[in-house]
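Every number here is computed from the coordinates shown, using simple stated rules; none is lab data. These figures come from a predicted structure and were not determined experimentally. Glycine gets a Cβ as well: all are built from the backbone with ideal geometry, and neighbour counts include every protein chain shown.
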């Protein structure tokens, strides 16, 4: 929580009227679930310079989308397996996708769909889609870090006033924005929800009312000398300066405010309403996808968000038609928007869920969990679009041609971001851990 007093504070024995308690509240901008002090992040980043600004927008379809109703309609399967959806042509000859995605069909030349994703574990959790690894791996030391945490560790911020990793989500298996794993809470995503976002907006207090920033930092330094006999706060003034840069800069707050976007662009993305089939999951909030574009534009390296609640044990058709039409509009708008702004080669868009759905439709007109095969959509990041990679068998049960492993998808993301897949990170025991065990998807480069 960031606390800045708007009126003259009560004197409490410290220089310039800044109390020790008030001082300790400055800069904790709700980073991750731990409420980590933002200045701590900059300590870890102080020795690093920024690299080129490549970015990823990772859109998690929490609950598990039905692979056979999206990018590969099983026209030869019996009705109780193929379902009610029809294939439609795209702007790439020979490639058809599901009828719920007519707008994505118009940008298929800029897109790639993986029709037979393998290596999924049957677990309702975003963890694997954020890290590329199974939940149980390295669990005793926190698990593998999410890709946003890796970017934070290796590249740091593009701008010191903009966090490198933002998770547009709240806690929970349906909406978890990713975790830093063994890297520790310093590299957790910034979550601009609730109190963290309210504090960033200063509760109506303008930056002018903060007074001279350097005067405040000077009083922080004097406070440090007065109270820190152990040296614990050594150098805090410099890192507090950086945390204060986030506060007083308009970059992040403006990016989160879609009201500042041109209305025509906002209309292109839509709002995703009315929200249906949400239950205990995320809404189909198209505006979050617009915010994701705005965030990478100002310097965020990784944005994660959860879109919809795809656990279609009942009324699979109704859910897919509702959720599908909304993600279709939003993804088309995002890819087109990035392309028009000259950002598409630098920003990778990934859309996928934790597993697929059963081939056979159940008695409730739904599909159940199916981890043998799943699917994914990708665009941008310099990939070769216009491809449908792999296929499942006639009933959509398992991969028939060119299975794409989850690890291959992450290797591709890292390659798009300019990170060698042979890169390692030291875990808490000092042992090197690879980012992925596989090579990037060869067809995409």
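Assorted remarks:
- Note on the range 274-362: Kirkwood hydrodynamic radius from all Cα pairs is 14.4 Å, rounded to one decimal.
- Under the criterion of Cα pairs below 8 Å and six or more residues apart, the relative contact order for the range 113-178 equals 33 percent.
- Estimated at 0.36 nm per residue, the fully extended path between residue 321 and residue 384 surpasses their Cα-Cα distance by 19.8 nm.
- Using a simple spin-label model with pseudo-atoms 7 Å out from Cα toward Cβ, residue 424 and residue 439 lie 2.1 nm apart.
- Highest mean packing first, where packing is the average number of other Cβ atoms within 10 Å per residue, the peptides 92-99, 127-134, 331-338 line up as 127-134, 331-338, 92-99.
- The simple spin-label model puts a point 7 Å past each Cα toward its Cβ; for residue 280 and residue 86 those points are separated by 3.8 nm.
- Per-peptide packing, taken as the mean over residues of other Cβ atoms within 10 Å, places 378-387, 62-71, 77-86 in the sequence 62-71, 378-387, 77-86 from highest down.
- Taking 7 Å steps out from each Cα toward its Cβ at residue 106 and residue 259 produces label points 3.0 nm apart.
- The relative contact order of the range 76-191, computed from alpha carbon pairs under 8 Å that lie at least 6 residues apart in sequence, is 19 percent.
- q = 0.15, 0.19, 0.26 Å⁻¹: log10 I(q)/I(0) that the Debye formula gives for the range 349-412, counting C-alpha atoms only: -0.54, -0.81, -1.24
- The range 331-394: relative contact order as a whole-number percent, Cα under 8 Å and 6+ apart: 35
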